[in-house]
Amino acid sequence: MEDGNHEMTKKLIEVSSSAASTFEMGKYQEVCFGLDVAVWEKDVAWTAQFMHEILNGIDTIGDFAKSKLFQHMVLKTVKPEF
């Protein structure tokens with residue numbers, strides 16, 4: 001973003017989202033990367049879209065701990081009140 005390279009910034013969102021999906025991190029993690037970029041681009045509609053998706057995915061914020069990919073790790077679970 002510091003370089004002003006909008007094309008690369010959008011590519012990084014795609015890759016980050018894809019990686020979060022591949023590593024079964026949950027919908028929240030898949031969409032949260034784009035919010036900063038949407039705000040940076042001052043794109044109100046895109047920002048609103050990301051906010052909507054983030055809020056809809058908030059219950060998946062700790063899904064990575066449920067993934068068998070991380071079964072070898074000791075992870076703290078996200079408590080409902082979080």
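Taken over segment 8-27, the residue count meeting the criterion of being within 23 Å of PHE70 (Cβ to Cβ), at pLDDT 90 or above and not charged (D, E, K, R) is 9.
Taking the conditions exactly as written (touching a Phe, Trp or Tyr at 6+ places or on another chain (Cβ under 9 Å) and at pLDDT below 90), does ILE54 satisfy them or not? So ILE54 fails the test.
The values are calculated or read from the model by the stated rules, or taken from the named source; none is laboratory data. Since the model is a prediction, treat every value here as computed from it, not as a measurement. Note: ideal-geometry Cβ built from the backbone for every residue, glycine included; neighbour counts use all protein chains shown.
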